[in-house]
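Q: Following this message is one structure expressed as structure tokens.
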Amino acid sequence: MSSGDAESLKKKIKALIIFRALFVTFFFGSSFFFTGSAYVLQTQSLYLFAGALYLLTLIYLFILDKIRHLPLFAYAQLIFDVIAATLLIYFTGGIESWFSFTLVLIIIASSIILNKKAGFFIATLSSIAYGVLVNLQLYNVLSVSSQWVTKDPAYLYKLFLHILFFYLTAYLSGYLSSRLEATVQELEQTDLDLRNLELFNREVIESLPSGLFTVDMSGKILLFNEAAERITGIPRESVIGQKIDSVMPAFPFPLKEGRREEIMPVDGVDKIIGITISPLKGLAQAPKGFIAVFQDLTQIKQLEDEIKKKEKMAAIGELSSNIAHEIRNPLASLKGSIEMLRENSVSPNYKERLMEIALKEMERLNYIITDFLTYSRPTLPVFQTFDMRELLDETVELLSNIDHNRGRITFRKDYERPLLVDADPQKMQQVLWNLGVNAIEAMPDGGELFIRAAGNSDGISITFQDTGHGINAKDIGKVFFPFFTTK
């Protein structure tokens, strides 16, 4: 027998002992109240009987905690109760006694305290004891006055009914007791499962790295986990039952559903709190309040800012490198031309050629600086409605007039119907010019540049397709970086 079962049986035995004493007290008290001394007090045997029961009750209570074999102790008490009930029936008229029901109570008690088998055992013992008492009375072995005689068959019928009732009581009380025991065990298991589930849910909530709190429909805080206490710096004991407005003013009630970021002062330092608020619903989908999950994003935002700064510095460094590379080439040409002019050893014709190269490279430097200023201080676009075909034709004409391109590049166009757009024509021409120059530079040995333009209800698309060597795969992701070049 487990410690839990033993403790339960001990409680049942103690209840039986106390019930026995109360029953004896009620029996003698009610008998004296209703009948005076005419019935109960006519014999001293009942006094002795009651005294013995009280004495045994005290003995039982005293030795209960010292008993090791509780089931055997329970059987001993129940057997004694059957004997005591039989004596009570004998003292109060035998077969005419009203107290034969006490045997029924003992049978019920045996089924509840022990089990169904014990109930049938006590029912059998009660049947034997009651049958022996009735037969001894009817055959005048015991001196109890009775209206029954041995030839009257009614006593057999009454005895049969008592025995039948004893066994029916044993069966029903045993069945109900077993069902009650099973129900109690199921309830205990259900209660244990619920407590384990509640404990598990509590552990999950407390283990969350994110802060979590719930509020009811009036804005009172119902739950505030450990992470919420750590992030906000507010002890949870002081917030439970308080209004969310007074505890966290950054989140006024009623709470707005969705995700957002708020600035919340914590210990004199502003923290960036990212919070997601959702409605809290019951089983019937009825709103019960709000549940909020939040995190301290301060460090994450700081890291993001640091990354952005580093990316910006890296972009500036790469931009500077590209600009330096673009400037270095014309500077080298200028330096070479000026050095040769300073020697005065060149012919007049070649001197003129060197001057043209120097002017051209200076113009190239001016172009690079202008591009850089345009990128660093972009002007607002001036929108106009114009036909993109005209801008494309002008771009093709400019590209074809480049000295070193004449005769090497074949231009082919595919755009017929008007292509009206609303844009800044100067900025668009710069875009087209850059695309055209890049395409031509990709064909150092000459080739074909095919320019296609088409429009629909969503806008227009322009394609510059050359027959050059293409863009290296490793440079694809850099082509939109300002001043990026592979030269």
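Values quoted throughout were computed directly from the atomic coordinates according to the rules given, and no laboratory measurement underlies them. Keep in mind the model is a prediction, meaning the values are calculated, not measured. Note that each Cβ is placed from the backbone with ideal geometry, even for glycine, and that neighbours are counted across all protein chains shown.
Q: Under 19 Å Cα to Cα from residue 310, which aspartates and glutamates show up? Leave out anything in the same chain fewer than 8 places away.
A: Filter leaves 318.
Q: For a quick size check, give me the Cα extents of the chain along its three principal axes, largest first, whole Å.
A: 168, 54, 41
Q: Give the angle, between 0 and 90 degrees and rounded to the nearest 10, that separates the Cα long axis of helix 154-207 from the longest principal axis of the Cα atoms of the chain.
A: Long axis of 154-207 versus the principal axis of the chain: about 20 degrees.
Q: Let me ask you something else. Less than 10 Å Cβ to Cβ from residue 109, Lys/Arg counted +1 and Asp/Glu -1: what total charge do the surrounding residues give?
A: With Lys, Arg at +1 and Asp, Glu at -1, the net is +1.
Q: What ranking of 276, 232 emerges when the number of other C-beta atoms within 10 Å of each C-beta is taken as an exposure proxy, fewest first? Don't skip to the end; give the middle numbers.
A: On the way: 276 14, 232 23.
Result, fewest neighbours first: 276, 232.
Q: Looking at the chain, which longest stretch skips every one of the GluC sites (Glu not before Pro) that is in a DSSP loop with at most 14 other Cβ atoms within 10 Å, leaving the sites themselves out?
A: Details: sites that count: 257, 416.
Value returned for the longest uninterrupted segment is 1-256.
Q: Once every DSSP H run of n ≥ 4 in the chain is given -39500 (n - 2.57) and the sum is divided by its residues, what mean residue ellipticity at 222 nm do you get, rounded to the nearest 500 deg cm²/dmol?
A: Theoretical 222 nm ellipticity from helices: -20500 deg cm²/dmol.
Q: I would also like to ask the following. Which entries of 271/312; 360/427; 308/427; 256/308; 11/66; 256/281 show an alpha-carbon separation above 19 angstrom in the structure shown? Intermediate results must be reported in sequence, preceding the final value.
A: Numbers: 271/312 25 Å; 360/427 24 Å; 308/427 28 Å; 256/308 31 Å; 11/66 14 Å; 256/281 15 Å.
Cα-Cα > 19 Å for 271/312; 360/427; 308/427; 256/308; rest within.
Q: Could you put 127, 8, 111 in order, starting from the residue whose Cβ has the fewest other Cβ atoms within 10 Å?
A: 8, 127, 111
Q: Starting from the Cα gyration tensor of the range 56-123, take the square roots of the eigenvalues, sort them a ≥ b ≥ c, and report rounded, prolate or oblate (rounded when a/c is under 1.5, otherwise prolate if a/b is larger than b/c, else oblate).
A: oblate
Q: A further question follows. Considering the dipole of the range 384-478 built from charges on the beta carbon (Lys and Arg +1, Asp and Glu -1) around the Cα centre, which of 455, 465, 428 is farthest to its positive end?
A: Final value for the positive-end residue is 465.
Q: Also, I was wondering about something else. For the chain, what does the relative contact order come out to in percent, with C-alpha contacts under 8 Å and a separation of six or more?
A: This gives 7 percent for the chain.
Q: Hey, another quick one. What angle do you read, to the nearest 10 degrees and between 0 and 90, between the alpha-carbon axis of helix 348-376 and the longest principal axis of the chain?
A: Taking the Cα atoms of the chain, the angle to 348-376 is about 30 degrees.
Q: Moving on. Could you pull the Cα extents of the range 209-296 along its three principal axes, largest to smallest, in whole Å?
A: Result for the range 209-296: principal-axis Cα extents of 42, 26, 23 Å.
Q: Would you list 382, 134, 215 from fewest to most Cβ contacts within 10 Å? Intermediate results must be reported in sequence, preceding the final value.
A: Details: 382 10, 134 23, 215 26.
Ascending number of Cβ neighbours within 10 Å: 382, 134, 215.
Q: How far is the Cα center of the range 297-315 from the Cα center of the range 197-261, in Å?
A: When both Cα centres are located, 30 Å separates them.
Q: From the square roots a ≥ b ≥ c of the eigenvalues of the alpha-carbon gyration tensor of the range 230-271, which class results: rounded (a/c under 1.5), prolate (a/b over b/c), or oblate?
A: Oblate, because a/c is 1.5 or more while a/b does not exceed b/c.
Q: Taking the Cα centre of the chain as the origin, how large is its charge dipole in debye, to the nearest 20, when only Lys and Arg (+1) and Asp and Glu (-1) carry charge on their Cβ atoms?
A: 2320 debye
Q: So how strong a dipole does the range 384-478 carry about its Cα centre when Lys and Arg Cβ are +1 and Asp and Glu Cβ are -1, to the nearest 20 debye?
A: Rounded to the nearest 20 debye, it is 240 debye.
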